[in-house]
1. Got a number for the accessible area of S247? Probe 1.4 Å, square angstrom, nearest 10.
2. What list of whole percents do you get for P(r) of the stretch 54-134, with Cα-Cα distances grouped in 5 Å bins up to the one holding the largest distance?
3. Ratio of the stretch 1-116's C-alpha Rg to 2.2 N^0.38 Å, to two decimals?
4. Tabulate in residue order the Karplus-calculated ³J(HN,Hα) for the stretch 116-128, using 6.51 cos²θ - 1.76 cosθ + 1.60 with θ = phi - 60°, rounded to whole Hz; enter x for Gly and Pro.
5. Which is farthest toward the positive dipole end of the stretch 1-153 among I11, L24, I62, measuring Cα position about the Cα centre, with Cβ charges +1 (Lys, Arg) and -1 (Asp, Glu)?
6. Kindly rank 87-97, 284-294, 202-212 from highest to lowest mean number of other beta carbons found within 10 Å of each residue.
Amino acid sequence: MILNRYFLKDIFLYTTSVSLIFLLIVMSSRSIQYLEQAAIGEINPEVVAWVVLYRLPEFIQIILPFSFFLSLVLTVGKLSANNELNIYEQNGYTQKRIVLLSFIPAGLVALISLCLSIWISPESNLRADQLLAKQSSQDIFRSIQPGSFHRLNEDVLIYAKQREGKALQSVFIQTNPKKQRNSGTVITAKSAALDTNNPSLLLLHKGLLHFKTNKTESSLLSFGELKMNINKDPVTEGLDMKAEERSNQSEFQWNISLALISLIGVFLAIPISKVGPREGRYRRVLPAVFIFIFYLGLLITTRGWIEVGVIGTFPGMYAVHLLFLALGFFLIYRVNFQR
């Protein structure tokens, strides 16, 4: 029981320390990035602190598995270098038992990462995006001058005859202006104003919506009120169901991967971190970090391939986990064989 507490205590201390260090580094880096944007007027300086705070769960869900992996390498490396691992072995702590013991903190880290990625991060990221979008959307809308064309974004062109207070009058909007021959949407409205609750939405009142379904056919709709996301095409949005399905599947697999990477990391960290009596405890840290970064990099690359349709959703990221799980079993077998 004492040996269990000693082992787990070191892992939790290392995990906490490494997590705090990397969290401070990432927060400082992101804060500088947002402050630079605020300095040139892209975002409101008053929301920088809130945006960084809302991004914390997203940072932690990646930092925590890496910190745990590194803490396991440091703990086992220290035990090996100080010959304390021999004491564990003499008390019946085989490599299999140490692996099972390591699954206690690994399971806790996996559970925290899963909760962050599925429930907390999406909500906090949404609030951060709303803060950033609120300022940028209001600035863009305020910059529109009556009597001339303006771009709300790359795909939306707007013209207004005049402005009355916060609303534009006699509005003309065209989406996908570069592709208008084959597709696109033309909207005319009596007035337009930003939604007070969601500034990324443009409220159009009493108008007509004309869009082309193909080269020869088109449709005309009248509306009393139309809500338009000024960052997206209101007609074509959501038509690519396959792309949306791939995106949802890649997001789901990514959330699961953040939990699996902590569990599979146990099989990689323990055999890698063992050092000889005359070797330094930190000798295997750098190779272990490279393996983890390669593991995480493959997951990120595979996620991108799934979203663009380069590979299928199955096996998807699960193939990467199987690859490194097999590598972990091989490393454990090799260590046992050498003994």
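The values are calculated or read from the model by the stated rules, or taken from the named source; none is laboratory data. Values in this document were obtained by computation on a predicted structure and should not be read as measured data. When we count neighbours, we look across all protein chains shown, and the Cβ atoms used for this are built from the backbone with ideal geometry, even at glycine. All accessible areas refer to the heavy atoms of the entire protein, side chains included, with ligands and DNA or RNA removed. Shrake-Rupley method; radii C 1.70, N 1.55, O 1.52, S 1.80 Å.
1. Ignoring ligands and nucleic acids, S247 comes out at about 50 Å².
2. Final binned percentages: 3, 14, 17, 16, 12, 10, 8, 7, 5, 3, 2, 1, 0.
3. Numbers: Rg = 19.1 Å, N = 116, 2.2 N^0.38 = 13.4 Å.
Relative to the 2.2 N^0.38 Å estimate, the stretch 1-116 comes out at 1.43.
4. Values, residue by residue: 5, 6, 8, 10, 7, 4, x, 5, 5, 5, 4, 5, 5 Hz.
5. Going by the Cα projections, it comes out as I11.
6. Numbers: 87-97: 12.9, 284-294: 15.1, 202-212: 18.2.
So the order, starting with the most tightly packed, is 202-212, 284-294, 87-97.
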